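The values are calculated or read from the model by the stated rules, or taken from the named source; none is laboratory data. None of the values given here were measured: they were computed from a predicted structure. Here Cβ is always computed from backbone atoms with ideal geometry, including for glycine, and neighbour counts include all displayed protein chains.
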Amino acid sequence: MKKSKKKAIKAAAAGKAASKRAEKNKPIVMASRTARVAKEEPKLYETGNDLPKKSRMETIELLNKRLADAIDLHMQMKQAHWNVKGPNFIGLHKLFDEIHEATGEYVDTIAERAVQLGGVAEGTVRIASTRTQLPEYPQDIADGPSHVNAVSTALAAFAHEVRSSITEADDLDDADTADIFTDVSRGIDKWLWFVEAHAQAAK
Ligand SMILES: [Fe+2]
């Protein structure tokens, strides 16, 4: 056998062995229960959750819409907390921070429900900014009544979206997601009351 032919056979054998080794060392994640399913549905993970796949997919989409709103609301409350001024400063400053904290819980609950259903929580600030249904928080206000008005507007807009999502989740036969939205909207109604009470006596 010629030297060059011998070399080629040796190289081919080495290549085969290398690919065998690579196959052996391949991560087994794709075989696990959390592996991504078919390519045409890249964002749905396998799960033992018995809700129908179609229902889960649509509910995940709905949850991600409300997640964007909730993230926006969460930071709008900090904006109010930082910038409010006037005679009711300390009360409003603390109240807006309490609402910020509560909305952080809503963000987490909504995001985690999407993941429980086999989805991906799409919760980056950039995604939220392109999807949010809330009006932008005004930048040119300072006094308490203006912030009370702006925060009330944001809370009412979010409550409206969440309340309509209760019905949508019910229509998708996902009573648990409907329950989460019910819980969130009940909480938002309370915060709206706390904020609006500052303005109602004056009317
Ligand atoms: Fe603070």
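Could you check the range 142-159 and list, in sequence order, the residues that are farther than 22 Å from Glu101 by Cβ and in contact with a helix residue (DSSP H, G or I) (Cβ under 9 Å, 6 or more places away or on another chain)? Explain how you work it out, then say what you get.
Keep residues of the range 142-159 that are farther than 22 Å from Glu101 by Cβ, which gives 142-143, 145-146.
Passing the criteria: Ala142, Pro145.
Can you find even one residue in the range 124-139 that is among the basic types (Lys, Arg) and closer than 18 Å to Ile180 by Cα?
First, pick out the residues of the range 124-139 that are among the basic types (Lys, Arg): 126, 131.
So of that shortlist, the ones also closer than 18 Å to Ile180 by Cα come out as none.
Checking the range 124-139: not a single residue is among the basic types (Lys, Arg) and closer than 18 Å to Ile180 by Cα.
Out of Val125, Val162, I need the residue that is surrounded by fewer than 19 Cβ atoms within 10 Å (Cβ to Cβ), of a type outside the set (Ser, Thr, Tyr) and under 18 Å from the mean Cα position of the chain (by Cα). Which one? Step through it out loud before you land on a result.
Details: Val162 fails: surrounded by fewer than 19 Cβ atoms within 10 Å (Cβ to Cβ).
Residue meeting the stated conditions: Val125.
Looking only at the range 173-186, count every residue that is surrounded by 19 or more Cβ atoms within 10 Å (Cβ to Cβ) and more than 17 Å from the chain's Cα centre (by Cα) and tell me the total. Steps first, please.
Let us first name the residues in the range 173-186 that are surrounded by 19 or more Cβ atoms within 10 Å (Cβ to Cβ), namely 174, 177-178, 180-181, 184-185.
So of that shortlist, the ones also more than 17 Å from the chain's Cα centre (by Cα) come out as 174.
Counting residues in the range 173-186 that are surrounded by 19 or more Cβ atoms within 10 Å (Cβ to Cβ) and more than 17 Å from the chain's Cα centre (by Cα) gives 1.
For the list (1) within 12 Å of the ligand (Cβ to nearest atom); (2) closer than 20 Å to Thr182 by Cα, I need the number of the one condition that Lys94 fails.
Exception for Lys94: condition (2).
Select from the range 136-162 the residues that are over 15 Å from Asp189 (Cα atoms), among the hydroxyl-bearing types (Ser, Thr, Tyr) and touching a residue at least 24 places away in the same chain (Cβ under 8 Å) and list them in ascending order.
The answer is Tyr137, and nothing else.
Pairs needed: first member in the range 73-86, outside any helix (DSSP H, G or I); second member anywhere, within 11 Å of the ligand (Cβ to nearest atom) and at pLDDT 95 or above; C-beta distance under 8 Å; at least 6 residues apart or different chains.
Sorted first by the residue in the range 73-86, then by its partner, the pairs are Val84/His93; Val84/Phe96.
When you go through Thr182, Thr177 one by one, which is the residue that is among the β-branched types (Val, Ile, Thr) and closer than 18 Å to Ser55 by Cα?
On the way: Thr182 fails: closer than 18 Å to Ser55 by Cα.
Residue meeting the stated conditions: Thr177.
Filtering the range 40-89 down to residues that are within 16 Å of the ligand (Cβ to nearest atom), within 20 Å of Thr132 (Cβ to Cβ) and crowded, with 23+ Cβ neighbours inside 10 Å, which residue is farthest from the chain's Cα centre (by Cα)?
Among them, the one singled out is Ala80.
Thr153 - would you say it is out of contact with any Leu (no Cβ under 8 Å at 6 or more places or on another chain), within 30 Å of Glu46 (Cα to Cα) and of a type in the set (S, T, N, Q)?
no
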